[in-house]
1. Per 0.36 nm of contour for each residue apart, how much would the distance between Thr147 and Phe92 grow if the chain were fully extended, relative to their Cα-Cα spacing?
2. Go ahead and set up a Gaussian network model of the chain, Cα springs under 10 Å, then flag whichever of Gly56, Gly44, Gly95 fluctuates most.
3. Cα centroid distance between the range 92-144 and the range 7-67, in Å?
4. Counting only C-alpha contacts under 8 Å and six or more residues apart, can you give the relative contact order of the chain as a whole percent?
5. Compute a Gaussian network model of the chain, connecting alpha carbons closer than 10 Å, and tell me which residue from Arg58, Arg108, Arg16 fluctuates the most.
6. I'd like to check one number: the per residue accessible area of the chain, probe 1.4 Å, reported in Å² as a whole number.
7. Length gain on complete extension for the stretch Asp102 to Asn2, per 0.36 nm per residue less the alpha carbon to alpha carbon distance?
8. If you line up the Cα atoms of the range 1-41 on their principal axes, what length do they span on each, largest first, in Å?
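The values are calculated or read from the model by the stated rules, or taken from the named source; none is laboratory data. If you're wondering where the values come from, they're calculated on a predicted model, not measured in any experiment. FYI the Cβ positions are ideal-geometry reconstructions off the backbone, even for glycines, and counts take in every protein chain you see. These area figures cover heavy atoms from the full protein model, side chains too; ligands, DNA and RNA do not enter into them. Shrake-Rupley method; radii C 1.70, N 1.55, O 1.52, S 1.80 Å.
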Amino acid sequence: MNDFDFFLGNWNVVNRRLTKLFVGSDEWYSFPGTSTCHQVFGGGGNFDEIDFPTLGFRGCTLRLFDVERREWSLYWADSRTGVLGAPVAGTFAGGRGDFYGDDVLDGRPIRAHYIWSDITPDSARWEQEFSADGGQTWESNWVMEFTRRP
């Protein structure tokens with residue numbers, strides 16, 4: 001239940017996002033961020049807020065551990081809409097976290113996959129990928145490289 005304890009604290013973030021989705025684009029843009037994560041429920045959950053100063057908005061993620069199912073649910077929202085998105089759910093195995101869920105993008109259903117990897121005491125990587133064909137193929141569209149701040 002303490003899988004996300006590594007993420008507690010303050011982070012600098014280097015973001016890379018794909019400019020256009022589902023068109024075969026390989027054009028990415030980069031932007032900075034800072035993030036702070038706090039524990040809730042004694043490790044059974046956490047909440048982080050991330051600031052994207054060059055983009056003019058903030059985001060947050062609520063992560064909750066379902067004790068009965070033994071898996072995490074992750075919920076994203078940002079200041080542009082104030083809407084809590086559909087969750088992705090999953091677990092950690094072998095130092096990697098995989099979380100899947102259904103979502104809607106531009107009015108069409110998609111599958112979302114969040115990956116936590118390369119976790120050390122002072123760094124971590126998060127990646128988001130989407131599938132428009134029910135999970136048969138995936139397109140990576142957002143990567144965050146985290147480094148711990150003092």
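1. The span from Thr147 to Phe92 would gain 17.8 nm if fully extended.
2. Residue with maximal mean-square fluctuation among Gly56, Gly44, Gly95: Gly56.
3. Spelled out, the Cα-based centre of one part sits 12 Å from the other.
4. 19 percent
5. Comparing Arg58, Arg108, Arg16 in a Gaussian network model of the chain, the most mobile one is Arg108.
6. Normalised by residue count, the accessible surface of the chain is 53 Å².
7. Full-extension gain reported as 33.5 nm.
8. Projected onto its principal axes, the Cα set of the range 1-41 covers 42, 22, 12 Å.
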